[in-house]
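Let me begin by presenting the structure, written as structure tokens, before commenting on it.
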Amino acid sequence: AREIGDRSNEGNQLGNLGLCYSALGQTSRAIEYLEQALVIMREIGDRQVEGIIVGNLAEVLVDEKRYSDALRFVLECSMIGNEIGSPLINSDGDRHSSLIHLLQNDLSAARTAAETARRHDVPQNNHYVLALLGVIEVRLAHNAANEHAENPKRKSDFAPSETFTAAVQQAEHMLAQSAQNYEALYAKALALSGLALCEGPQHIAAAIAAYRGARAINQDAGIVKRVLRLFEELAKADAHGVLNEVRAAAGE
């Protein structure tokens, strides 16, 4: 691409290299390539790809726990998405924002961002967004239950089972199109784990099978780290060790 002066293709391939290093967990190299891609996309005025790369940078910065820097890119992502009317870019920005707030234990803000991402209704994101929202709702319900024990008048308004069930359905829809879609399979595994917490251990075997199936397709270090990070956020609401067996399968 450089040889023939194709700047658009050069930028796309630099972005793809960044994604590969991100999947491998090599965050510094990922950021290096994504930043190079971003310079080119801004230079040639490709706002759509610029918005996607900005979202990818936010995700890698979350991996490095640079939450303030990640939020700056999330805001830029939303600005671009609104400017060009892209549900995909807006969905990316909102789901990254939700994850950041969850990791910072700001569950209310996390839920608001996840619900906004859900309303964009982007098929390639829906399974992840719903699984993420389910995790947040479980945590909120867990906190409300603890407060309810101290204040019997307080009730929980959250229904995480419905959200997790919807996440499983969305994941299965994507898997019907491609059985190798490991991201959908990992989201299904997380949602089934959430259902095991909400409804009972009858979902544990399916959750274990989904995690093992996903890892058989992709167990790149960066991908697995993200998967386990979200699982551990769910497990914070597991007061009785219901998910111990699932955790072992997710981390195999």
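The values are calculated or read from the model by the stated rules, or taken from the named source; none is laboratory data. Quantities reported herein were computed from a predicted structural model and do not represent experimental measurements. Ideal geometry is used to build each Cβ from the backbone, glycine not excepted, and the neighbour counts take in all protein chains shown. The accessibility values were calculated without ligands, DNA or RNA, using every heavy atom of the protein model including side chains. Shrake-Rupley method; radii C 1.70, N 1.55, O 1.52, S 1.80 Å.
Positive end of the dipole of the chain, charges at C-beta (+1 Lys, Arg; -1 Asp, Glu), about the Cα centre: which of Ile89, Val74, Ala205 has its Cα farthest in that direction?
Most positive-ward Cα: Ala205.
Roughly what would the spin-label model give for Thr112 and Gln219, points 7 Å off Cα along C-beta, in nm?
Here the modelled spin labels are 4.1 nm apart.
Can you tell me, using C-alpha contacts under 8 Å and at least 6 residues apart, the relative contact order of the chain as a whole percent? Let's see the in-between values first.
Working: 371 pairs, mean separation 35.1, N = 252.
Computed value for the chain: 14 percent relative contact order.
When a/c is below 1.5 the answer is rounded, else prolate if a/b is larger than b/c, else oblate, so apply that to the stretch 125-252 with a ≥ b ≥ c taken from the square roots of the Cα gyration tensor eigenvalues.
Details: a/c = 2.24, a/b = 1.73, b/c = 1.30.
Judged from the Cα gyration tensor, the stretch 125-252 comes out prolate (a/c at least 1.5, a/b above b/c).
With a 1.4 Å probe and all protein chains left in place, how much of the accessible area of the chain comes from carbon and sulfur atoms, in whole percent? Provide the component values of the computation, followed by the final result.
Details: 5780 of 11840 Å².
Its accessible area is 49 percent carbon and sulfur atoms.
With θ set to phi - 60° and the Karplus curve 6.51 cos²θ - 1.76 cosθ + 1.60, what are the ³J(HN,Hα) couplings of the stretch 63-74 in order, to the nearest whole Hz, using x for Gly and Pro?
Ordered by residue, 3J(HN,Hα) equals 4, 8, 6, 8, 5, 5, 5, 4, 5, 4, 6, 4 Hz.
What's the FRET efficiency of Glu162 with Asn9 using the Cβ-Cβ distance as r and R₀ = 35 Å, to the nearest 0.05?
So the FRET efficiency works out to roughly 0.20.
Roughly how many Å² of Ile217 are accessible to a 1.4 Å probe, to the nearest 10?
For Ile217, the solvent-accessible surface is approximately 60 Å².
What is the magnitude of the charge dipole of the chain about its Cα centre, with +1 placed on the Cβ of each Lys and Arg, -1 on the Cβ of each Asp and Glu, and no other charges, expressed in debye to the nearest 20?
Values: 24 positive and 33 negative charges, 97 e Å.
Charge dipole, the chain, about its Cα centre: 460 debye, nearest 20.
Per residue of the chain, what 222 nm ellipticity follows from adding -39500 (n - 2.57) for every DSSP H run with n ≥ 4, rounded to the nearest 500?
Counting only the DSSP helices, I get -26500 deg cm²/dmol.
Going Cα to Cα from Lys225, which aspartates and glutamates come in below 14 Å? Please leave out same-chain ones fewer than 8 positions away.
Once the sequence-local aspartates and glutamates are set aside, what remains near Lys225 is Glu59, Asp63, Glu64, Glu183, Glu233, Glu252.
Would you indicate which of (i) 1.52; (ii) 1.00; (iii) 0.95 is the value of Rg/Rh (Cα atoms, Kirkwood Rh) derived from the coordinates of this structure?
Answer by label: (ii).
Between Ser68 and Ala248, what is 0.36 nm times their sequence separation minus the Cα-Cα distance? Round to one decimal in nm.
Full-extension gain reported as 61.6 nm.
Convert each backbone phi in the stretch 7-20 into a coupling constant with the Karplus relation 6.51 cos²θ - 1.76 cosθ + 1.60 (shift: θ = phi - 60°), then list the ³J(HN,Hα) values in order as whole Hz, x for Gly and Pro.
In residue order, the calculated couplings are 5, 4, 5, 4, x, 4, 6, 4, x, 5, 4, x, 5, 5 Hz.
Per-residue HN-Hα couplings for the stretch 30-40, Karplus 6.51 cos²θ - 1.76 cosθ + 1.60 at θ = phi - 60°, whole Hz, x for Gly and Pro?
Here the 3J(HN,Hα) series is 4, 4, 4, 6, 5, 5, 4, 5, 5, 4, 5 Hz.
For the stretch 27-58 and the stretch 186-231, what is the centre-to-centre distance using only Cα atoms, to the nearest Å?
If you average the Cα positions of each part, the centres end up 30 Å apart.
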